[in-house]
Amino acid sequence: MLKEKVEMRLLPRDAELALGVIGGLLGLIGTILYLQFNMVPGNEEIITDFLHGLLRIGACIIAFKAAYNVQYEAKHSAIIFVLSGLTLLTLVKATIPGGIVLLIVGIMCFLRK
């Protein structure tokens with residue numbers, strides 16, 4: 001009996017990869033700018049701003065990881081993109097562009113077969 005080699009064909013998900021990286025970068029740049037302008041000595045909510053910044057940086061790093069895995073696990077990456085996008089959308093106005101891009105990528109991953 002001959003064993004046939006089954007070739008796993010993957011859809012090219014270059015658009016999701018590129019947009020995931022772009023969304024993560026936009027969120028990361030927005031977070032760094034937000035922290036730079038809010039970390040002044042007279043700010044009374046410096047700890048809260050710093051913790052929110054760390055949360056956004058974590059969401060961006062997780063979005064980068066999802067963009068790397070989008071070729072192999074599209075549905076899991078879509079969930080991560082949507083959650084990271086919502087995290088970037090809700091916290092501050094500086095990270096809204098990155099959040100919008102990540103939400104679009106998440107919807108693209110869900111809808112493409």
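The values are calculated or read from the model by the stated rules, or taken from the named source; none is laboratory data. Since the model is a prediction, treat every value here as computed from it, not as a measurement. Every residue, glycine as well, gets a Cβ built from its backbone with ideal geometry; the counts of neighbours run over all protein chains shown.
For the stretch 98-108, a residue qualifies if it is farther than 10 Å from VAL82 by Cα and over 11 Å from the mean Cα position of the chain (by Cα), and exactly one does: MET108.
So that you can scan it fast, the table gives a plain yes or no per residue for (1) modelled with pLDDT of 90 or more; (2) in a helix (DSSP H, G or I):
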position: LEU2; (1), (2): no, no
position: LYS5; (1), (2): no, no
position: ALA15; (1), (2): no, yes
position: LEU25; (1), (2): yes, yes
position: LEU51; (1), (2): no, yes
position: ILE79; (1), (2): yes, yes
position: GLY85; (1), (2): yes, yes
position: ILE100; (1), (2): yes, yes
position: PHE110; (1), (2): no, yes
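Only residues that are at pLDDT 90 or above, over 9 Å from the mean Cα position of the chain (by Cα) and over 14 Å from ILE29 (Cα atoms) were counted in the stretch 56-74, giving 1. Show the residue pairs meeting these rules: Cβ distance below 9 Å; 6+ apart or different chains; first residue within the stretch 101-113 and in contact (Cβ under 8 Å) with a residue 40 or more places away in the chain and crowded, with 19+ Cβ neighbours inside 10 Å; second residue assigned to a helix (DSSP H, G or I) and acidic (Asp, Glu). Final answer for the pair search is VAL105/GLU16; CYS109/GLU16. Among the residues making up the stretch 14-42, those that are free of Cβ contacts under 8 Å to residues at least 40 places away in the same chain and in contact with an Asp or Glu (Cβ under 9 Å, 6 or more places away or on another chain) are LEU35, ASN38, MET39. Scanning the stretch 27-42 for residues that are assigned to a loop (DSSP other than H, G, I, E, B) and of a type in the set (S, T, N, Q) yields a total of 0. For the stretch 55-91, the set of residues classified as touching a residue at least 12 places away in the same chain (Cβ under 8 Å) and small (Gly, Ala, Ser) consists of ALA59, ALA63, ALA66, ALA67, ALA74, SER77, ALA78, SER84, GLY85, listed by residue number.
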